[in-house]
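Working notes, structure below.
The values are calculated or read from the model by the stated rules, or taken from the named source; none is laboratory data. Predicted model, so just to flag it, every value in this text is computed and none were measured. Don't worry about glycine lacking a Cβ; one is built from the backbone with ideal geometry, like all the others, and counts go over all protein chains shown.
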Amino acid sequence: MTSIDASSTPSDDRSALRANCADCFALCCTAFGFQRSTDFPIDKPAGTPCLNLADDFSCTIHESLRPRGFRGCTVFDCFGAGQLVSQELFGGTSWRERPGPSAEMFATFSVVRQLQEMSWYLVEAAERTAASDLVAHISRLRTGIQRTLDGGTSEILAYDVESLRADIRSVLIDVSEEARGGYLADTAPDDDLHPSADLAGRDLRARRLCGADLRGAILIGADLRGADLAGVDLLGADLRGARLDGADLSDTLFLTQMQLNAARGDEATLLPATLDRPGHWATASHTSSPTDGELSP
Ligand code: SF4
């Protein structure tokens, strides 16, 4: 199986960690399954092409995913795993063209997506810390990920992702404490605002949030309109349906495109330079039938 350039070193350019659907064989529309829910109108088993997938790997309902109930497709982000697996690890030969089962390609995609997501967080962590030991640790972790990718499919599939995830989690917590420290120096701790807090549906507009550790918090439908989220750790926070209109997220920690895609915002929402304003936000602010903004092929 093809491997990535063995001499390659981890890049700090996050563009390689963003989806490029044009260079992907629609792996997210094929490898993963989904169940009928508020995010999908049908069941689809893993390892089978979606019924809306065209022969050229485009989506036949791309322009109307949300009105047709495929909201989940407009939220998903592969962190660049799709093009990496399609073009580099499998040499540009699609699962349609390959002889035999495609299970190996789909399984590789699943692992690589996790590695790419972890790389995304590590790149940000390296930018956020001034501690030399953390910088060195992050560099080692990123080099380890790159070597695994360089090793090709067999190494990727054998990789202990959960062990790596635990190691990275501890690094991200350390970096978060360092980055949030300046915001918390003059404020009393807020008992409500803590990791994994259940803040679903809560009106948080008047709360002082800067520097809060909301890692893993449930913010489904929370009202954050106009809020200043500088220095807020949102690692893994569930932002589905959260109102972000006019909020300042430009200096949040560990925010991802998927979280933004799942939330609601508007043209006044301030975002980190590394993330895009979801296409469906503008429409959602003015009508009840949002469209576009898909991360689909
Ligand atoms: S983007 Fe289109 S083809 Fe892909 S899973 Fe969604 S509906 Fe199906």
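Remarks
- Members of the stretch 151-187 that are part of a loop (DSSP other than H, G, I, E, B), surrounded by 13 or more Cβ atoms within 10 Å (Cβ to Cβ) and out of contact with any helix residue (DSSP H, G or I) (no Cβ under 7 Å at 6 or more places or on another chain): Gly151
- Residue among Arg225, Arg215 that is out of contact with any Phe, Trp or Tyr (no Cβ under 9 Å at 6 or more places or on another chain) and either among the β-branched types (Val, Ile, Thr) or not assigned by TED's automatic domain parsing to the domain that holds Arg66 (or both): Arg225
- Counted residues, the stretch 50-63 - those being buried (at least 18 other Cβ atoms within 10 Å of the Cβ) and more than 6 Å from the ligand (Cβ to nearest atom): 2
- Test result for Ser11, within 27 Å of Ile156 (Cβ to Cβ), assigned to a loop (DSSP other than H, G, I, E, B) and more than 12 Å from the ligand (Cβ to nearest atom): yes
- Residue match in the stretch 82-101 (condition: within 30 Å of Arg180 (Cβ to Cβ), buried (at least 16 other Cβ atoms within 10 Å of the Cβ) and not β-branched (Val, Ile, Thr)): no
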